[in-house]
1. At a Förster radius of 60 Å, what calculated FRET efficiency corresponds to the Cβ-Cβ distance of B:VAL98 and B:ARG65, to the nearest 0.05?
2. What Kirkwood Rh does segment B:73-306 have if only Cα atoms enter the pairwise 1/r average? Answer in Å.
3. What is the average number of partner chain Cβ atoms found within 10 Å of a Cβ in B:235-244?
4. Per the Kirkwood definition applied to all pairs of different Cα atoms, how many angstroms is the hydrodynamic radius of segment B:6-130?
5. From the P(r) of the protein assembly as shown, could you give the percentage of C-alpha pairs in the tail past 31 Å?
6. Using Stokes-Einstein with the Kirkwood hydrodynamic radius over Cα pairs, what translational diffusion coefficient do you get for segment B:14-80 at 25 °C and a viscosity of 0.890 mPa s, in µm²/s rounded to a whole number?
7. If I take R0 = 30 Å and measure r between the Cβ atoms of B:ILE147 and B:LEU298 in this structure, what FRET efficiency does the formula 1/(1 + (r/R0)^6) give, to the nearest 0.05?
8. Ratio of alpha-carbon Rg to the 2.2 N^0.38 Å globular estimate for segment B:1-42, to two decimals, please.
Amino acid sequence: MTHSLDWKKRRKLRVTVKEALQHLLLLAIGVSFMLPFYWLVATSLKPDAQVFQSPPAWLPHPIMWHNYPKALTYVPFARYLLNTLVICTLSVFGMLLSSSLVAYSFSKIRWPGRNIAFFILLSTLMLPGQVTMIPVFSIFKSLHWVDTIRPLVVPSFLGGAFYIFLLRQFFMTVPLELSDAAKIDGCSELDIYRRVVLPLAKPALATIALFTFIGAWNDFLGPLIYLNDDAKYTLSLGLQQFVSRHGAEWSMLMAASTVMTTPIVVLFFFAQKTFIQGITLTGIKG
Amino acid sequence: MRNMTRRQTSRLVKADLRNGLLFAAPWIAGFLCLTAYPIIASIYYSFCNFDAISPPHWVGMLNYRILVTEDELFWRSLWNTAYMIVFGLPVGLVSSLVLAFLLNLKVRGMAFYRTLYYLPSITPIVAASALWLWLLNPEIGLVNELIMTFGKMLHRLHLPAPAGPGWLIDPAWAKPALIFMGLWGAGGGMLIYLAGLQDVPEQLYEAADLDGASSWKKLWHITLPMLSPVIFFNLVMGLIGSFQYFTQVYVMTGGGPQDATLFYALHLFNNAFLNFKMGYASAMAWILFLITLACTLLVFKTSARWVYYPGELK
C-alpha cells in the first residue's frame, strides 16, 4: 500500500517539476521579448546623463516626464498624428466598402467572365510592388495628386485584392436560400448585399478594418514617395525624419517612438480576438 | 431556368452581367488604371531614359546592359538580398516554429505568454527601427552592455570574454544585426504555425503513442508533414517579402556601412526617387519580377516532394 502511494506522489512531483521548468523557459523567453519594450520606455524617461551611463541604469531617476511634451513639439507630432488618423480612417472606410462590393460580385452574382476576372485578381497578389510603383507615381504626378494624401487613400476605394479574396470566401458560405428568399421578396442585389450578406460577414469585416488601419498607420514608403510638405507628414515619416535629424537625442527619440507604438498596443488589447482570428485566417486560408 | 423563354433567360443573363460588373467596378477600374496599364508602362519605361518630368526617351536595352555589366551596386544589392534570404528566412521560419511548439505545450496561462511573444511583431516598423538603432548602438546600446556584463563575468572565471561587435557600424555585422532584429518579430509567424499545430488531429498522435513512437519521431513523421502546407505558404510569402525589405534599412542605415545593407528594394528606390532614373529603376523592377517568379516556381516545383496535403489521394 505504502509503495503505490509513493509512486503516485513521485509521479505528481515529476509532473509539477516538468511544468515548473516549462514555465521558467516560457518566462525567460517572454522576458527577452519584453526587454526591448521596457528599455524603450525606460530610456524615454531618463535624463541625458543616465542615458549614456555604463553599466546601464535600469531605473530612470529622476523620471523625466518632461521628455514627452518636449519630443512632441520638437517635431509637430500632434499634426502628424492627425494626418495619420485621417488617412487611416479614410482607408478603412474605403477598403470595407469597395472590397465587400467587389467580393459580392465574385460570390453572389453569376456573370460571364467572372472566373477569369477572379483568376486575374489572384495573380495580382504575386506581383511585386516595385513593378507598378513608378508608372503609378507618374500617373499621380500627371493628375497633380503628388503632395496630397489622395494617392494614399484613393486606392483603398478601389478594393484590395487579398481582402476581396477573403470576403469572397466568407460570402460563399452564406446559403443560397437566404439570398433567394430575399429575391422572391423583391429585394434588389444591393438590398441583399446590404441586409443579408454583409451583416453575416462581421468577423471578416472586423479583421479587414483592423489590418487596413494598422497597414495605413505603419505605411512608410507611400508617404515617403507622395508627401513633400512636412505639414502633411504622417507619424511614420515624421519619426523617420526625427531619426535622421535628432538621432543622437536618444531619450526624445524613444519618447517619440513610444507615442507611435502605444496606440497600436492599446488597439491590440481591445481587439485581441480579431487580431488572432485575422492572422490565422490569412495564414491558413492561404 | 427551364420554365423561361429564351428571351427571359437572356434578359436575366444581361441583368446579372450588368450587376456583376457594377459591383465589381471599383476593382475593375483599379485593376485597369493601377495595375494593368502600369505593368505595360513600366515595361516600356525599362527601355527608356525617363526622369518623370520630360517624356520617356527610347534607348533599347541600354538600361539592362548597364545594370548587368557596369553597375556594381546592382550585383551588391542582389548579393545582400540573397544573404537575407539564405540566412534570414530560415532563421525567421525556425524561430517562429519553435515558439509555436513552445506555446503548444499544455501549460496554464498560454494566452499570457502568447501576448508577450506576439506584441513586438505589431510594433510599427519605423518605431521598431528607431528602438533597435538604440539597442544595437555599439558603445552604449543595451545589447553590447549586456554582452560586456556577461564578458566581465566570464573574465572573473578566467574564461575568454567576448566583446560586443560594431553591429550596424561594422560591414561584417550589419546584416546579422538586421537578422537579429528580425527575431524580435517572430511572434507573427508563430501565431500562424500555432493555428496549424492545433489543427493536427489528436488521433494521429494517439496512434503513434500506441506504437511507442518517441517525441522526435512524432515531430518528424506527424507534426512537420501536417504543417508543411502552412510552412510552404509562409516560405513563398517570406521569399516575395524579402525582395521588398526596405523600411528598416532606409531608417537605420541608408544602405551602409559601405553598402553592406544596400538591399535590392533600396537600390531601386534610390535610382527612382533620388537619382530620378526611372527607366533604369523600371528595368530593375522587371529583373526583380523575373527573379521572384523563378524562385517561386522553384519552390513550387520542389514542393511536390515535401508538402503533404491531407485529403489527397496517393
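Taken together, the values in this text are just the output of simple stated rules run on the coordinates, not laboratory data. Because the structure is predicted, anything quoted here is derived from the model rather than measured. We place every Cβ from the backbone using ideal geometry, glycine too, and count neighbours over all the protein chains shown.
1. 0.85
2. 20.3
3. 2
4. Values: mean 1/r = 0.0468 Å⁻¹.
After inverting the pairwise mean of 1/r, the radius is 21.4 Å.
5. Distances greater than 31 Å cover 58 percent of the Cα pairs.
6. Translational D for this selection: 162 µm²/s.
7. 0.20
8. 1.78
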